[in-house]
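Trainee: Here it is, the structure in full.
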Amino acid sequence: MSTLSRTALTTVLVGAALAVALTGCTSGSPAPAASSTAASTQSKAAACKSLETSVSASTTELASSFGDIATNPDKAITGLQSVADAFDSGLKKVSNAEVKKAGTAADDSIKEMIVQVKAVIGKNSADTTKLKAAVTDVQAQFTAIGKICS
């Protein structure tokens, strides 16, 4: 059970990292109103706000999901998937090239982390090396978004 506990803790930290990283997207001046010009002229602030808005509600679900990870791992997976789906939805609204590139890398890393969490949950003797690498990648990708969006 110690592997599961470590996995739960690591995953919760990732959830917190997602929330903190996206909070950085809202720092600075407010996002300008959308214009009717080409989508490629979307400001960084507007692109970051799109990502932050899409994920903010699902991070609450994620936090509550992890309270039951030991007894209901499927609920934790569902919470992670909700964050991934919300982020993916927000990313589709992003046309700013710099934010889109960083967001796509983060989106891919979230999806890989979910694969690795599924591989580890419920296995007391599971090798968590790939999960730890996936978690590290998610943290790095969201740190990059935080830097772009701050």
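No value in this document is a laboratory result; all are computed from the given coordinates. Since the model is a prediction, treat every value here as computed from it, not as a measurement. Backbone-built Cβ (ideal geometry, glycine too); neighbour counts: all protein chains shown.
Trainee: Can you compute 3J(HN,Hα) from phi for each residue in the stretch 128-144, using the Karplus curve 6.51 cos²θ - 1.76 cosθ + 1.60 with θ = phi - 60°, rounded to whole Hz and x for Gly and Pro?
Mentor: Once θ is set to phi - 60°, the couplings for the stretch 128-144 become 9, 4, 5, 5, 4, 5, 5, 4, 4, 5, 4, 4, 5, 5, 6, 5, 4 Hz.
Trainee: Follow-up. By count of other Cβ within 10 Å, fewest leading, how are Ile145, Ile121 ordered? Don't skip to the end; give the middle numbers.
Mentor: Working: Ile145 24, Ile121 20.
So the residues, fewest neighbours to most, are Ile121, Ile145.
Trainee: Excluding same-chain residues fewer than 8 positions from Lys111, which lysines have a Cα within less than 23 Å of its Cα?
Mentor: Within the straight-line cut-off, Lys111 pairs with Lys49, Lys75, Lys92, Lys93, Lys100, Lys101, Lys123, Lys130, Lys132, Lys147.
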